[in-house]
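J.: Encoded as structure tokens, here's the structure I'll be asking about.
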Amino acid sequence: MFKLMQQLESTVPHFICCIKPNNKQVPGMYNNDLVFEQLRSYGLLEVVRISRSGYPTRMTHQEFCRRYSVLLPENHECKDPFSMSVSILRQFDILPEMYQVGYTKLYFRAGQIAVLEDVRKQVMLGNLEVQKCYSGHHARLHFHELEGGVIILQSFVRGEIARRQYKVSLESKRKVANKENDEQLLAVVQIQSAIRCWLAQSHLNQLQNLKKLNQDRKTSEVKVKPARKTSEVKVKPARKTSEVKQDLPAEILPSVVEDLERQVMVAEANLEEKEKENAALKEHVNQLESRWSDYEVRMRSMEEMWQKQMASLQVITSPPMHGSCS
């Protein structure tokens with residue numbers, strides 16, 4: 001009963017008639033004769049017969065056109081509601097005895113509006129399907145545009161990351177090359193210092209040998225000559241190094257000169273080798289500098305080319321102005 005009352009309150013009935021399904025008051029049992037007698041006694045059969053013989057459904061021309069004008073073809077040129085209503089009725093071959101056309105309203109027998117409602121429902125479902133397909137197509141196009149823009153943006157980001165990584169690798173290589181050059185220059189300087197030290201030591205040894213020979217020569221002359229007076233020895237001036245060289249014996253002088261010449265030749269040969277090594281190192285440094293300049297020129301050209309490509313891609317991928325569609 002509560003559900004029945006809710007259903008009745010949700011509608012707008014003209015009258016309420018309660019019918020008793022059986023005399024035993026058992027749920028689920030339906031007595032046809034009892035129900036028929038109640039319908040006859042209440043007069044509902046007469047109401048149904050009268051409603052079927054008349055025109056219970058009534059609509060104005062404006063309401064009818066507003067609701068069922070979608071059923072007409074697009075090339076229909078009727079403009080006033082009266083002619084549009086007559087065209088709709090003729091379009092669906094509704095029998096003339098099933099409706100009446102007035103100046104302001106249309107009168108239909110029972111069941112005629114249901115046919116129009118079924119056709120209208122099918123047309124509306126078809127329109128919904130078309131709108132759904134169009135909306136899906138438009139959404140897919142928009143998604144593809146967004147996807148293309150995202151891919152282009154990702155390519156720009158990846159390119160920028162790759163350029164930064166390449167720049168970092170170049171800087172690391174430059175640091176390594178500079179460190180190697182510094183190490184090579186340090187090694188050259190150390191070799192040159194070692195050569196100069198060796199030459200200075202050899203020259204010092206030669207001078208010490210000459211001094212020792214001069215001292216030996218003096219001691220031998222003192223032993224051979226007869227003893228003289230102390231005054232004469234003190235008055236005698238000291239001799240120069242050239243005189244000492246002249247006083248060297250003929251057997252000792254050539255060997256000393258040959259030894260010195262041989263040492264000088266060895267030192268010159270070593271010096272020439274070190275100079276060649278130094279020149280080779282300088283040439284290697286120059287080659288590295290030229291390569292580095294080539295790398296810088298290439299990097300500048302590649303950066304200019306990348307900037308041009310990015311500018312062209314930005315011009316291409318700039319979103320066009322679309323008009324809003326209703």
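Since every read-out is calculated from the coordinates, none of them should be taken as a lab result. Please read these numbers as outputs of a predicted model, since none were measured by experiment. FYI the Cβ positions are ideal-geometry reconstructions off the backbone, even for glycines, and counts take in every protein chain you see.
J.: Give, as ranges by residue number, the residues of segment 106-123 whose backbone N falls under 12 Å from the point 7 Å along Cα→Cβ of GLU63.
T.: Only 106-108 pass the distance filter.
J.: Under a 5 Å amide H to amide H cut-off, with H placed in plane at 1.01 Å, what residues pair with THR57 once short-range neighbours are removed?
T.: For THR57, whose amide H was placed from the backbone, the distant partners under 5 Å are PHE108.
J.: Same structure again: Stretch ALA162-GLU296 to full length: gain in nm at 0.36 nm per residue minus the Cα-Cα span?
T.: 46.6 nm
J.: While we're on this one: Which aspartates and glutamates, if any, have their Cα less than 16 Å from the Cα of LYS79, not counting same-chain residues under 8 positions apart?
T.: Within the straight-line limit of under 16 Å, LYS79 reaches these aspartates and glutamates: GLU63.
J.: Related question: Each label point is 7 Å from the Cα along the Cα-to-Cβ direction; what then is the distance between the points at ASP93 and LYS105, in nm?
T.: Using points 7 Å along Cα→Cβ, the separation is 3.0 nm.
J.: Would you work out the charge dipole size for segment 55-110 about its Cα centre, treating the Cβ of every Lys and Arg as +1 and the Cβ of every Asp and Glu as -1, and quote it to the nearest 20 debye?
T.: It works out to roughly 240 debye.
J.: With +1 assigned to the C-beta of every Lys and Arg and -1 to the C-beta of every Asp and Glu, and no other charges, what is the dipole magnitude of segment 9-53 about the Cα centre in debye, to the nearest 20?
T.: In total the dipole reaches around 80 debye.
J.: A further question on this structure: Work out the FRET efficiency for LEU45 and SER10 from their Cβ-Cβ distance, taking R0 = 35 Å, and round it to the nearest 0.05.
T.: Values: r = 27 Å, r/R0 = 0.76.
E(calc), rounded to 0.05, equals 0.85.
J.: Using every pair of alpha-carbon atoms in segment 9-53, split the distances into 5 Å bins beginning at 0 and state the percent of pairs per bin, rounded to integers.
T.: The distribution over segment 9-53 is 5, 19, 21, 20, 18, 15, 3, 0, given as percents.
J.: Let me make sure I get this right: for segment 55-110, a, b and c are the square roots of the gyration tensor eigenvalues over alpha carbons, sorted descending. Under 1.5 in a/c it's rounded, otherwise prolate if a/b > b/c, else oblate. Which is it?
T.: Here segment 55-110 falls in the prolate category.
J.: Please order ILE113, ILE88, ILE50 by the number of other Cβ within 10 Å, starting at the fewest.
T.: Arranged by neighbour count, lowest to highest, ILE113, ILE88, ILE50 become ILE50, ILE113, ILE88.
J.: Past the 32 Å Cα-Cα mark, which pairs from LYS179/LYS308; LYS212/LYS282; LYS211/LYS276; LYS179/LYS274; LYS212/LYS276?
T.: Working: LYS179/LYS308 36 Å; LYS212/LYS282 43 Å; LYS211/LYS276 35 Å; LYS179/LYS274 22 Å; LYS212/LYS276 37 Å.
Cα-Cα > 32 Å for LYS179/LYS308; LYS212/LYS282; LYS211/LYS276; LYS212/LYS276; rest within.
J.: Against the globular-protein guess of 2.2 N^0.38 Å, express the Cα radius of gyration of segment 1-115 as a ratio, rounded to two decimals.
T.: Here the answer is 1.53, to two decimals.
J.: For an R0 of 45 angstrom, estimate the FRET efficiency from the Cβ-Cβ distance between VAL26 and ALA114 and round to the nearest 0.05.
T.: Result of the calculation: an efficiency of 0.80.
J.: Can you find, among LEU141, GLN184, TYR166, the residue sitting farthest towards the positive end of the charge dipole of segment 139-217, where Lys and Arg contribute +1 and Asp and Glu -1 at Cβ?
T.: GLN184
J.: Quick one: grab the alpha carbon gyration tensor of segment 136-175, order the square roots of its eigenvalues as a ≥ b ≥ c, and give me rounded if a/c is under 1.5, else prolate or oblate depending on whether a/b is larger than b/c. Please list the in-between numbers first.
T.: Numbers: a/c = 10.49, a/b = 9.63, b/c = 1.09.
Note, shape of segment 136-175 comes out prolate.
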